[in-house]
Amino acid sequence: MTAPITLQELSNTFSIQKIKAYNKRYSTAEERIATLKKLREWIKKNQQEISKAIYADFKKPATEVAITETAYVLMEINHAIKNLASWMKPKKVTTPLYFLGSKSYTIIEPKGQALIIAPWNFPFNLSIGPLVSALAAGCTVCLKPSELTPHTSALVRRLCMENFEKDEVAIFEGDAEMAKQLLALPFDHIFFTGSPGIGKMVMNAAAQHLSSVTLELGGKSPVVIDKNYDLNDAVPKIATGKWINCGQTCIAPDFLFVHESQKERLLDDLSHQIQKMYPTKKADKSSNKDYGRIISRKHLNRLQHLLTDAQTKGATIRHGGEIKAEENFMEPTIVTGMTEEMLLMKEEIFGPILPIITYSKTEDILNYMSHKAKPLAFYLFSEDKSTIEMMQKSISAGTMAINVCGIQYLQNSLPFGGTKESGMGKAHGYAGFLTFSNEKAVLKQRKGKTPLNMFYPPYDLKTNKIIAAFLNILAKN
């Protein structure tokens, strides 16, 4: 147990990181890559410890930890190491003819001091992933992991202390009060992953210092199965995307649209897929070791309330529903008979409950989505080109995945992030590097006269004629 951080210690750390951030502006690609390699080696050597810590927090299976936590971070580090030298180079841009005598380019510079506030659902991934981007960009970092995953937070603290001096990366454990104290400081950039409600508070705090922000939020991410799509292909992908991490994933399918002609077949197939993925002893449905737990009793109670509310208002549980409160266990659950008055259809579920909605024509889906908040992810299972094109144009979302579910997050050549209610700013790969960087525009003009001199005051008749001719040329182009 570490001693509580005092305000003075917090202020001192911020001050020494301010000095370090200035010095890191001059860091080379080789120096940053060396830092990333050191981090990579620590992770490789401590994979078992990472797995044990996350299991201790909410019984996430080791294989899930390897895929969704450790492997992803290593992929992100490898991608940055491979591309960082290219990312850091100045980029030339075209110069119009009327800027003859000058050249234009952009320089990528570190934003400076960054604050990363990580959530509990992927406690290693969402702490270290953004850290990789910040280090690649040349920033200093204050990192606050979630207090709901104390074992993983302790491991992340060890990682930071064994790899970095406090003036480069400092970790601050604690609850909402610690986050509040950190947010009171004038960071150059704040990277937050969590709920939309807390995201608003982060954005409000950032506004006090005009700090730039990245908000990785969530929302109700829908799945649409086109009328003629093969359920044998769709069901395993949807089931994995939904119930991995016990449904506690920001891009997990939140509800599913199926054509009314395929509803019963889908329900049967989903139930069989759940039994195939998580076989259990009949007497103990919580016995499967490949299925994790809800993070806390508070979150379990919230999910139970959502389910009870839906049943009270006419919904039917078609699979699952069993809860073991003493273990924070909730069985994979499928619900039908949904209406918009139910809390399950209003709030992000963030748990192992999947509501099913039927539709008769594609327009039903578009009409429904047109008045809903923009989700972090939108999933479409279709082989029809016109349907795919229509959905791509009609439904706004942070990410879209076609005929697959959830793995768009692992493609670090794609920017990841939400839009409006589901977040702002992008992460991963080059997009993450840019998030913690300032793209500075530079225009360099040669010494002496250039065509632009003719536009200097005083504006005599000759100048006015030249400007009129110039505007006429622009209007015709």
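The values are calculated or read from the model by the stated rules, or taken from the named source; none is laboratory data. Worth saying up front: this structure is predicted, and the values here are computed from it rather than measured. When we count neighbours, we look across all protein chains shown, and the Cβ atoms used for this are built from the backbone with ideal geometry, even at glycine.
Among the candidates 292, 247, 241, single out the residue that is in contact with a Lys or Arg (Cβ under 7 Å, 6 or more places away or on another chain), buried (at least 22 other Cβ atoms within 10 Å of the Cβ) and not assigned by TED's automatic domain parsing to the domain that holds residue 125.
None of the others qualify; the one that does is 292.
Any residue at all in the stretch 73-80 that's modelled with pLDDT of 95 or more, over 21 Å from the mean Cα position of the chain (by Cα), among the polar types (S, T, N, Q) and in the same structural domain as residue 37 (by TED's automatic domain parsing)?
No.
Go through (1) at pLDDT below 95; (2) surrounded by 17 or more Cβ atoms within 10 Å (Cβ to Cβ) for residue 2 and report which single condition fails.
(2)
Can we say residue 320 is over 24 Å from residue 401 (Cβ atoms), of a type outside the set (A, V, I, L, M, F, W, C) and crowded, with 19+ Cβ neighbours inside 10 Å?
Against the criterion (over 24 Å from residue 401 (Cβ atoms), of a type outside the set (A, V, I, L, M, F, W, C) and crowded, with 19+ Cβ neighbours inside 10 Å), residue 320 qualifies.
Before we move on, is residue 406 assigned by TED's automatic domain parsing to the domain that holds residue 72 and surrounded by 11 or more Cβ atoms within 10 Å (Cβ to Cβ)?
No.
Going by the conditions given, is residue 468 outside the structural domain of residue 251 (by TED's automatic domain parsing), of a type in the set (Gly, Ala, Ser), over 14 Å from the mean Cα position of the chain (by Cα) and in a helix (DSSP H, G or I)?
yes
Can you name the number of the only condition in (1) without any contact (Cβ under 8 Å) to a residue 12 or more places away in the chain; (2) part of a helix (DSSP H, G or I); (3) surrounded by 10 or more Cβ atoms within 10 Å (Cβ to Cβ) that residue 459 fails?
(2)
Would you tally the residues in the stretch 374-389 being polar (S, T, N, Q) and either in contact (Cβ under 8 Å) with a residue 12 or more places away in the chain or not assigned by TED's automatic domain parsing to the domain that holds residue 350 (or both)?
Residues meeting the conditions: 2.
Out of the residues in the stretch 269-289 meeting the condition of being without any contact (Cβ under 8 Å) to a residue 40 or more places away in the chain and among the charged types (D, E, K, R), tell me which one is surrounded by the fewest Cβ atoms within 10 Å (Cβ to Cβ).
Going through the qualifying residues, I end up with 282.
Checking residue 299 against (1) in a helix (DSSP H, G or I); (2) within 28 Å of residue 231 (Cβ to Cβ), which test does it fail?
(2)
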